[in-house]
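Worksheet for the structure shown next.
The values are calculated or read from the model by the stated rules, or taken from the named source; none is laboratory data. Just so it is clear, the structure is predicted and the values come from calculations on it, not from any experiment. Methodologically, a virtual Cβ is constructed for each residue, glycine included, from the backbone with ideal geometry; neighbour enumeration extends over all protein chains shown. Protein only, heavy atoms only, side chains kept; ligands, DNA and RNA dropped before computing areas. Shrake-Rupley method; radii C 1.70, N 1.55, O 1.52, S 1.80 Å.
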Amino acid sequence: DEAWKFYPCLRIAKDLMGILDLTSLAINLHVITNNARFYKDMFEKEILNPGALKIYFYEGIQGDKLGQFLSGNSSLHIAMGTSCLEGAKIGLPSLLIDASYHEMPSSYKYRWLFENTGFSLGDFIINQRDGFLGSSLQEIITQLLTNETYRQDISRKCYNYVIDNHAIGSVTNSLLKLADLSEARISGMLKYCLRQNKLFNFVKGIFKSGQG
């Protein structure tokens with residue numbers, strides 16, 4: 001099921017098309033997916049004429065190859081979930097976009113990765129009329145192109161957000177701190193273990209006697 005990933009991508013494409021209607025910028029949209037054919041077919045169905053927007057589709061780019069591809073082809077990374085971390089961890093300005101099974105409204109706003117709270121990596125849009133927090137894609141791109149200090153600051157904040165909140169070391173430290181605060185004990189947990197459960201052992205005994 002790729003629909004919930006496609007509609008956010010469609011929103012990005014339409015917002016970029018709107019920007020190109022007002023400017024002479026050259027913008028390429030690189031879509032990395034596991035099902036390029038689905039995206040191509042859906043884009044042809046939803047967007048009859050992308051105008052000046054160039055859309056390219058790629059399949060199966062992962063790991064180090066993904067980092068290399070993003071470094072060489074992307075000035076602005078837009079993704080959902082852990083995919084957003086892939087751009088941020090190499091210092092790309094990275095926007096987090098939400099998921100949706102339906103076309104997203106033109107009023108949709110974009111948020112930087114570090115602007116989300118509670119370690120969230122995106123939500124599902126349920127109510128299309130909800131007020132959206134963030135900025136329009138046009139506002140964001142204008143800032144990035146006209147203010148180098150702003151671009152560097154956003155890049156640094158996205159990178160630091162990954163290191164501080166999603167790197168293995170930081171996650172491990174958080175778990176250890178929570179473990180120190182916990183009052184749970186192994187002896188108390190054993191009663192929830194199947195091998196220590198009386199009903200489990202009773203049923204197990206029935207099967208053993210039946211096999212004998």
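For the range 96-113, state whether one or more residues are open to solvent by less than 40 Å² (accessible area, probe 1.4 Å), over 15 Å from the mean Cα position of the chain (by Cα), at pLDDT 90 or above and aliphatic (A, V, I, L, M).
yes
Does Leu53 satisfy being touching a residue at least 12 places away in the same chain (Cβ under 8 Å), within 23 Å of Arg37 (Cβ to Cβ), buried (at least 18 other Cβ atoms within 10 Å of the Cβ) and over 13 Å from the mean Cα position of the chain (by Cα)?
yes
Sort through Leu25, Leu20, Leu29, Leu16 and tell me the only one that's part of a helix (DSSP H, G or I) and either open to solvent by 60 Å² or more (accessible area, probe 1.4 Å) or in contact with a strand residue (DSSP E or B) (Cβ under 8 Å, 6 or more places away or on another chain) (or both).
Leu16
For residues in the range 114-144 being of a type outside the set (Val, Ile, Thr), without any contact (Cβ under 8 Å) to a residue 12 or more places away in the chain and not in a loop (DSSP other than H, G, I, E, B), which is least open to solvent (accessible area, probe 1.4 Å)?
Gln143
In the range 66-93, which residues are open to solvent by less than 50 Å² (accessible area, probe 1.4 Å), more than 14 Å from Ser135 (Cβ to Cβ) and outside any loop (DSSP other than H, G, I, E, B)?
Within the range 66-93, Leu66, Gly67, Phe69, Leu70, His77, Ala79, Cys84, Leu85, Gly87, Ala88 meet the criteria.
Only one of these conditions is not met by Lys157: (1) within 19 Å of Ile19 (Cβ to Cβ); (2) in a helix (DSSP H, G or I); (3) in contact (Cβ under 8 Å) with a residue 24 or more places away in the chain; (4) of a type in the set (D, E, K, R). Which number is it?
Single failed check for Lys157: (1).
Residues to consider are Glu44, Glu2; find the one that is within 17 Å of the chain's Cα centre (by Cα) and exposed (fewer than 14 other Cβ atoms within 10 Å of the Cβ).
Unique residue meeting the criteria: Glu2.
Right, Glu148: under 24 Å from Asn28 (Cβ atoms) and either exposed (fewer than 11 other Cβ atoms within 10 Å of the Cβ) or modelled with pLDDT under 65 (or both) or not?
yes
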